[in-house]
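Okay, structure first, notes after.
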Amino acid sequence: MALRLGMVLGVSALFLGLNSQVVGEESTRDDLDRGENPVVGSLPCKVDSTLNLIFWEGEGLDSPGRAPAFYPVTLGVCSPDVRMDVVDADGIPFGYLNDRWDWRSMGLQQSGYMLISRFRAESGAVTSWVYTPANYIGGKLSLSSSLTDGEVTLGQYAAEIPISDLVRLAPSGNAVTMFDLKITPPASHPELPNLSFRIIVMAGGVRIEYM
């Protein structure tokens with residue numbers, strides 16, 4: 001389910017560089033010592049196969065026909081090889097990977113970012129998704145920027161953030177373009193918080209942030 005876009009015009013400027021990825025070994029301990037767990041950029045990660053269930057569409061899997069119970073809001077990226085495509089990441093306290101070795105999706109559940117190649121994002125080789133639990137069904141995922149805006153109603157499955165389209169809208173060169181996204185819960189669940197994300201398109205990369 002992709003976010004539908006409308007267009008207007010605008011730009012902002014900044015430059016951020018790409019950092020190389022460091023990969024460690026997995027540990028089953030809960031303290032997530034950075035030397036003994038999968039590490040993407042500066043972010044230690046837990047292995048959680050639930051990502052295969054919530055990001056099945058981005059991974060090219062068949063629909064599981066169900067969603068996990070009580071799984072938290074998760075911002076993710078999917079690619080045939082996350083190990084190669086996520087060139088940097090950081091956040092608190094850690095990220096998630098779908099598998100110990102076959103990394104096809106990566107997720108954030110608290111503040112952090114994932115940095116991917118602009119070319120890979122524009123080509124559609126890397127996609128971005130946001131999963132919300134059942135209480136958010138009927139809420140909204142809205143996008144706003146000086147270039148475009150749009151809104152989609154949240155359903156049972158993860159909503160795709162159309163980063164390929166956003167990259168094509170952004171100017172080339174060293175300009176940086178920001179796209180803000182916000183999740184608002186349905187009126188039936190006013191106790192749930194609003195959640196914010198940001199897509200930053202740069203000369204060589206796309207930074208996907210959980211605010």
**OP:** Could you figure out which of (1) in contact with a strand residue (DSSP E or B) (Cβ under 7 Å, 6 or more places away or on another chain); (2) more than 20 Å from residue 73 (Cβ to Cβ) isn't true of residue 119?
**Re:** (1)
Subject >> Filter pass, residue 166 being in contact with a helix residue (DSSP H, G or I) (Cβ under 9 Å, 6 or more places away or on another chain), more than 18 Å from residue 67 (Cβ to Cβ) and part of a strand (DSSP E or B) >> reply: no
Subject >> Count - residues of the stretch 114-161 that are in contact with a helix residue (DSSP H, G or I) (Cβ under 6 Å, 6 or more places away or on another chain), in a loop (DSSP other than H, G, I, E, B) and surrounded by 15 or more Cβ atoms within 10 Å (Cβ to Cβ) >> reply: 4
Original post:
If you check residue 127 against the conditions, is it among the polar types (S, T, N, Q), touching a residue at least 12 places away in the same chain (Cβ under 8 Å) and under 15 Å from residue 79 (Cβ atoms)?
Top reply: yes
**OP:** Scan the stretch 169-189 residue by residue and report those that are at pLDDT 95 or above, surrounded by fewer than 15 Cβ atoms within 10 Å (Cβ to Cβ) and not hydrophobic (A, V, I, L, M, F, W, C).
**Re:** 188, 189
**OP:** Search the stretch 27-54 for residues being modelled with pLDDT of 50 or more, over 25 Å from residue 160 (Cβ atoms) and not small (Gly, Ala, Ser), and hand back the single one that is farthest from the chain's Cα centre (by Cα).
**Re:** 36
Original post:
Out of all the residues in the stretch 181-211, which are more than 19 Å from residue 126 (Cα to Cα) and of a type outside the set (A, V, I, L, M)?
Top reply: 182, 184, 185, 186, 188, 189, 190, 191, 193, 194, 196
Subject >> Scan of the stretch 190-211 for residues that are within 19 Å of residue 153 (Cβ to Cβ) and surrounded by fewer than 19 Cβ atoms within 10 Å (Cβ to Cβ), ordered by number >> reply: 190, 192, 193, 194, 196
Subject >> Tally, over the stretch 71-91, of residues that are modelled with pLDDT of 95 or more, touching a helix residue (DSSP H, G or I) at 6+ places or on another chain (Cβ under 7 Å) and outside any strand (DSSP E or B) >> reply: 2
Subject >> Selection within the stretch 65-122 - within 17 Å of residue 210 (Cβ to Cβ), among the β-branched types (Val, Ile, Thr) and under 14 Å from the mean Cα position of the chain (by Cα) >> reply: 73, 74, 77, 82, 86, 116
**OP:** Please work out which one of (1) in a loop (DSSP other than H, G, I, E, B); (2) free of Cβ contacts under 8 Å to residues at least 24 places away in the same chain is the condition residue 189 fails and give its number.
**Re:** (2)
Original post:
Is it the case that the stretch 6-20 has a residue that's modelled with pLDDT of 95 or more and assigned to a strand (DSSP E or B)?
Top reply: no
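The values are calculated or read from the model by the stated rules, or taken from the named source; none is laboratory data. This one's a predicted model, so the numbers in the text were calculated from it and none came from an experiment. When we count neighbours, we look across all protein chains shown, and the Cβ atoms used for this are built from the backbone with ideal geometry, even at glycine.
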